[in-house]
Amino acid sequence: MVDTIFAPATAPGRSAIAVIRLSGPACADVCRRLTKRRPPAPRRATLRHLRDPASGQAIDHGLVLWFPGPASATGEDVLELHLHGGRAVMAGLLLALADLPGLRPADPGEFSRRAFLHGRMELTAAEGLADLVAAETGAQARQALRQLDGALGRLYEQWRSELLGALAPLEAEIDFAPDQEVPGGMVDVVRPVLARVSAEMAAHLDDARRGERLRAGLTIAVIGPTNAGKSSLINHLAQRDVAIVTPEPGTTRDVLEVHLDLAGYPVTLLDTAGLREPLGGAEAEGVRRARQRAAEADLCLALLDGALWPARDAETLALIDERTVVAVNKSDLGRLDGDLVVAGRRAARLSCRTGEGLDRLLELLSARAAEQMAVGEAPLLTRARHRAALQSAQEALGRIAASPSGVELALVAEDLRLAVRAIGRITGRVGVEDILDMVFSEFCIGK
Ligand SMILES: Nc1nc2c(ncn2[C@@H]2O[C@H](COP(=O)(O)OP(=O)(O)OP(=O)(O)O)[C@@H](O)[C@H]2O)c(=O)[nH]1
Ligand SMILES: [Mg+2]
């Protein structure tokens, strides 16, 4: 018999209310043992007293919710207990549950995995659920919700069913006349369909990783000469004193990370060591790390020192490229007149001391972040797993497109089957254990 699993659905620690969720065939029995009564009416919150079935000790009184399968979140019988969120209450209940026959604590993602196995949710929707719980900004949450609602799954399913529709007549023909060279007619009929699906997939793949970026967040490295005010700017944007600021050049050595919500987009800002000829070993290592992180970042903010204007910082100027937003700090010193141009680009003017120009800089950065992450109407690709599967589907379709007229039917059918399978792996149509392990291991316990 299937195990019945249980886990806290709410975060650990003290809270007003804590929810424990159970799923599996023993739920009704658990309810009877804990409350000495039958499960309440389905989906109706009902107050009950709970006792430890072994000792008879009172655990708490709280709401009991009974969701008989298959119309439940997991497709199995589900029981939810809403108790007072004290540590002792939770510990008492979890201990009592662990002692009951057929029960065990849930593995990470196991509730969602059961929902998937019982057809309550396709795989991309399950991933959307994990992302929604993890979302830190509004734009991330909207993307995850759309995926949870199935927009992405429907897109992939549609491609899959179109390819299946093209495969069916080929399969019929093969069954009808095995081992026969048939004229190219049949393949030529399906070619336009394959070409269209392939083009749609190409457009979806060619999204500059916007969906994946939004999911993972964007990294912006703040680079520049020593003393430009990089750490001051980071503190200003983070609204707390994360980085040490001193008038001494060469203050920052380690790379510091600050997470920000930039107009709904998740961003990690990196404070880095000032770029100059390093004086010692620690600083040299700091400069090496600064350069490395700048090279890996999605965007760079090059901050120059307005006290030493015009800028002659060769190390920084050499790193300016199309990913770089350029800004000059310390406008309060009054040395920055007219348009500021650095390495052929307009530079923003700001002062961390007076706050001048900071709003404008934030606008510039959010516009650049939006370019890299903005969500339009069509659902975006959100995971490397999906990208890899679509690419292998595309390769298979590409082989068919490149095949000559009159190609052997069986070869075309085989490639088409490969493409269908690859897409099926994304939504979980083709249930392969290794994918399920990979997908659900990312989840946390209780989900
Ligand atoms: N006048 C003025 N001084 C500033 C401004 N921003 C920062 N400073 C000063 O410039 C000095 C250096 O600032 P930091 O933020 O430590 O500069 P940094 O770029 O992080 O320097 P390193 O870590 O050494 O590379 C400090 O004395 C700051 O108070 C500004 O807008 N105007
Ligand atoms: Mg610094």
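The values are calculated or read from the model by the stated rules, or taken from the named source; none is laboratory data. Only a predicted model underlies this, so the values are computations on that prediction, with no experimental measurement involved. No Cβ is skipped: glycine too gets one built from the backbone with ideal geometry, and neighbour counts run over all protein chains shown. Protein only, heavy atoms only, side chains kept; ligands, DNA and RNA dropped before computing areas. Shrake-Rupley method; radii C 1.70, N 1.55, O 1.52, S 1.80 Å.
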Low-density loop trypsin sites (Lys or Arg not before Pro), region 17-100, at most 14 other Cβ within 10 Å, DSSP non-H/G/I/E/B, are K36, R37, R43, R44
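Loop-only check: which trypsin sites (Lys or Arg not before Pro) in region 248-328 are DSSP coil with at most 10 other Cβ within 10 angstrom? Could you put the intermediate results ahead of the total?
Working: sites: R253, R276, R288, R289, R291, R293, R312, R323; in loops: R253, R276, R312, R323.
Within region 248-328, the qualifying trypsin sites (Lys or Arg not before Pro) (loop, at most 10 other Cβ atoms within 10 Å) are R312.
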Run the reach check for K330 against lysines, Cα to Cα strictly under 27 Å, same-chain hits fewer than 8 apart removed. What comes back? K230
Carbon and sulfur: what percent of region 181-271's accessible surface (1.4 Å probe)? 53 percent
Working only with C-alpha atoms, what are the Rg and Dmax values of region 198-318, expressed in angstrom? 16.5, 58
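Can you give the net charge of the other residues whose Cβ lies under 14 Å from the Cβ of L436, counting K and R as +1 and D and E as -1?
On the way: positive: R113, R114, R385, R425, R429; negative: D107, E110, E122, E127, E433, D434, D437, E442.
With Lys, Arg at +1 and Asp, Glu at -1, the neighbours total -3.
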Determine the gain in length on full extension of the stretch D339-T354; use 0.36 nm per residue of separation and subtract their C-alpha separation, reporting nm with one decimal. 3.4 nm
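Counting each DSSP H run of 4 or more residues in the chain as -39500 (n - 2.57), what helix-only mean residue ellipticity at 222 nm follows after dividing by all residues, to the nearest 500 deg cm²/dmol?
On the way: 15 runs with 199 residues, N = 447.
Counting only the DSSP helices, I get -14000 deg cm²/dmol.
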Report, in order of residue number, the helices in the chain meeting two criteria: a C-alpha extent of 24 Å or more along the helix axis, and a mean Kyte-Doolittle hydropathy of at least -1.0; treat each whole DSSP H run as one helix. 151-176, 185-205, 384-402, 409-427
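Between A263 and E296, what FRET efficiency comes out of the Förster formula 1/(1 + (r/R0)^6) with R0 = 25 Å and r the beta carbon distance, rounded to 0.05? Working shown, then result.
Numbers: r = 23 Å, r/R0 = 0.93.
Rounded to the nearest 0.05, the efficiency is 0.60.
Quick one: length gained pulling Q391 to A195 fully straight, 0.36 nm per residue minus the C-alpha distance?
Working: separation 196, 0.36 × 196 = 70.56 nm, distance 1.45 nm.
Length difference between fully extended and current span is 69.1 nm.
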Projected label distance in nm at K36 and A384, using a 7 Å step from Cα toward the beta-carbon: 5.6 nm
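So in the chain, what percent of DSSP beta bridges are antiparallel if you round to the nearest 5?
Numbers: 32 of 52 bridges.
If I count the DSSP bridges inside the chain, around 60 percent turn out antiparallel.
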Say a paramagnetic label sat at a point 7 Å from the Cα of A134, along Cα to Cβ; which residues of region 383-407 have their backbone N under 14 Å from it? 383-386
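Please compute the net charge surrounding A141, taking Lys and Arg as +1 and Asp and Glu as -1 over other residues with Cβ under 13 Å from its Cβ.
Values: positive: R142, R146, R215; negative: D131, E136, D149, D261.
So the environment of A141 carries a net charge of -1.
Whole number in Å², please: accessible area per residue of region 47-103, 1.4 Å probe, ligands, DNA and RNA not counted.
Details: 2650 Å² over 57 residues.
Heavy-atom SASA per residue in region 47-103 reads 46 Å².
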Evaluated over the chain, the Cα radius of gyration and Dmax, each in Å: 29.2, 86
Would you kindly state how much longer the chain becomes between A45 and I17 on full extension, computed as 0.36 nm times their sequence separation minus their alpha carbon distance, in nm to one decimal? 8.7 nm
Scoring only Lys, Arg, Asp and Glu (+1, +1, -1, -1) among other residues with Cβ under 12 Å from the Cβ of D305 yields +4
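What do you get for Rg/Rh of region 1-145 when both radii come from the Cα atoms and Rh is the Kirkwood radius? Mind showing how you got there, number by number?
Numbers: Rg = 15.6 Å, Rh = 15.9 Å.
Value, to two decimals: 0.99.
Please return the longest range in the chain lying between exposed loop sites, taking GluC sites (Glu not before Pro), DSSP loop only, at most 16 other beta-carbon atoms within 10 Å, and leaving the sites out.
Counting only loop sites that pass the neighbour cut-off, the longest clear stretch is 182-321.
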